[in-house]
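**Q** Here it is: the structure, laid out below.
The values are calculated or read from the model by the stated rules, or taken from the named source; none is laboratory data. Being a predicted model, the structure only gives us computed values, none of them experimental. Note that each Cβ is placed from the backbone with ideal geometry, even for glycine, and that neighbours are counted across all protein chains shown.
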2 protein chains.
Amino acid sequence: MTSTQELTKNQSLVFNALARADGPLSAYTILDQLRGDGFRAPLQVYRALDKLLDYGMIHRLESINAFVACSHPHSHSHSHGMIAFAICEKCGQVSEFSDDVITARVREWTSSNGFKQSKTTIEIRGVCASCGTA
Amino acid sequence: MTSTQELTKNQSLVFNALARADGPLSAYTILDQLRGDGFRAPLQVYRALDKLLDYGMIHRLESINAFVACSHPHSHSHSHGMIAFAICEKCGQVSEFSDDVITARVREWTSSNGFKQSKTTIEIRGVCASCGTA
DNA sequence: TTCGATATGTGATGTTATTACATTAGTCAA
DNA sequence: TTGACTAATGTAATAACATCACATATCGAA
């Protein structure tokens, strides 16, 4: 995988759908948006999503069964750190950030417990600044 | 709510199913286990689970759509901290721990971003010590 | 060109969760 | 006791999320 991944037709369609969205989308919402482009079955979406996840171009938000384009596409700065997501339950906006202290702290626990981690999910649910003051 | 919650019949049945399990259970697995006790519909399980979550007696693992009994039932020591879960993808065992540094670090991000958090999910997927050496 | 790997198309099915509505059981005040 | 209110429960139907199984197509390398 190079820094700019060459995407197939379906992968591009799915990625663009996520990139132009202003928040996370469910797989079925993506499917509906792409029916005009010939999409007919969930699997077409899920297969593309799997690849895009592999490539690190999108993230899956486990707590809401939805997907979002990575907001730091060009910086692999936090590619070895864990990414945390703050998800607003009012407006759906997602903020993505990484924190070296949290990353280190998790690693401490895993290494001292002999746990070999593959993927870590950190999702903060709540109300964002704009929605909180509104 | 007192320190010992009075449970209804269905809540007790669901809680006991989780308490005697050696790992997380899906709602439908619980349903199947309780058919002998008169359970017939998913909602009977989900309603009990909702209450048990309210009472803090169980946790929901977002990344695997399953539920687990709280492993620190008598200590409310980490009731104000975030709880992290290490989930073994081989054997399904879940380890629960809380970390004040992570908790503080998340709070720092939320407060400096005006984000009012309600619930935070931290789930580490991987392979536990026993399965890793086996 | 033939082979193998990757990508795609499609229907059916499996899994997880909620909606809507009816009924039952407990509580408490008049 | 009655009535009224609230919480809990029962049930069917449906919605939402995800995968399986199998067929076809596309593309690059030997």
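**Q** Output the number of residues of region A:22-49 satisfying the condition of being touching a strand residue (DSSP E or B) at 6+ places or on another chain (Cβ under 9 Å), in a loop (DSSP other than H, G, I, E, B) and within 12 Å of DNA strand C (Cβ to nearest atom).
**A** 0
**Q** Take residue B:52 and tell me if it is under 19 Å from residue A:64 (Cβ atoms) and in contact with a strand residue (DSSP E or B) (Cβ under 8 Å, 6 or more places away or on another chain).
**A** No.
**Q** Only residues that are more than 17 Å from residue B:69 (Cβ to Cβ) and part of a strand (DSSP E or B): list them for region B:81-134, please.
**A** Residues satisfying the conditions are B:116, B:117, B:118, B:119, B:120, B:121, B:122, B:124, B:125, B:126, B:127.
**Q** Kindly indicate whether any position in region A:58-65 is more than 9 Å from DNA strand C (Cβ to nearest atom), away from chain B (no Cβ under 14 Å) and part of a strand (DSSP E or B).
**A** Yes, region A:58-65 has at least one match.
**Q** Please list, ordered by first then second residue, the pairs with beta carbon atoms under 8 Å, 6 or more apart or interchain, first in region A:7-20 and touching a residue at least 12 places away in the same chain (Cβ under 8 Å) and away from DNA strand D (no atom under 14 Å from the Cβ), second of a type outside the set (Asp, Glu) and assigned to a helix (DSSP H, G or I).
**A** Every condition considered, the pairs that remain are A:13/A:48; A:15/A:48; A:15/A:52; A:17/A:30; A:17/A:33.
**Q** Identify all residues within region B:78-88 that are more than 7 Å from chain A (Cβ to nearest Cβ) and not aromatic (Phe, Trp, Tyr); write none if there are none.
**A** Scanning region B:78-88 gives B:78, B:79, B:80, B:81, B:82, B:83, B:84, B:87, B:88.
**Q** Test residue B:63 against the criterion of being surrounded by 13 or more Cβ atoms within 10 Å (Cβ to Cβ), among the polar types (S, T, N, Q) and in contact (Cβ under 8 Å) with a residue 60 or more places away in the chain, and give yes or no.
**A** So residue B:63 fits the description; yes.
**Q** Look at residue B:107 and say whether it is within 25 Å of residue B:11 (Cα to Cα), surrounded by fewer than 20 Cβ atoms within 10 Å (Cβ to Cβ) and either within 7 Å of chain A (Cβ to nearest Cβ) or out of contact with any helix residue (DSSP H, G or I) (no Cβ under 6 Å at 6 or more places or on another chain) (or both).
**A** No.
**Q** Tell me which residues, restricted to region B:90-103, are more than 7 Å from every other protein chain (Cβ to nearest Cβ) and loosely packed, with under 15 Cβ neighbours inside 10 Å.
**A** Listed by number, the residues that qualify are B:90, B:91, B:100.
**Q** Tally up the residues in region A:116-127 that are more than 21 Å from residue A:105 (Cα to Cα) and more than 18 Å from the chain's Cα centre (by Cα), please.
**A** Final tally of qualifying residues: 1.
**Q** A further question on this structure: Could you grab me the full set of residues in region B:110-120 that are at the interface with another protein chain (Cβ under 7 Å from one of its Cβ atoms) and of a type outside the set (D, E, K, R)?
**A** Once the filter is applied, which keeps residues that are at the interface with another protein chain (Cβ under 7 Å from one of its Cβ atoms) and of a type outside the set (D, E, K, R), region B:110-120 yields B:110, B:113, B:114, B:115, B:117, B:118, B:120.
**Q** Does any residue in region B:35-60 that is surrounded by fewer than 19 Cβ atoms within 10 Å (Cβ to Cβ) come within less than 7 Å, Cβ to Cβ, of a residue that is hydroxyl-bearing (Ser, Thr, Tyr) and part of a helix (DSSP H, G or I) six or more places away or on a different chain, and which pairs are these?
**A** B:42/B:28
**Q** Within region A:66-80, which residues are part of a loop (DSSP other than H, G, I, E, B) and modelled with pLDDT of 90 or more?
**A** A:70, A:71
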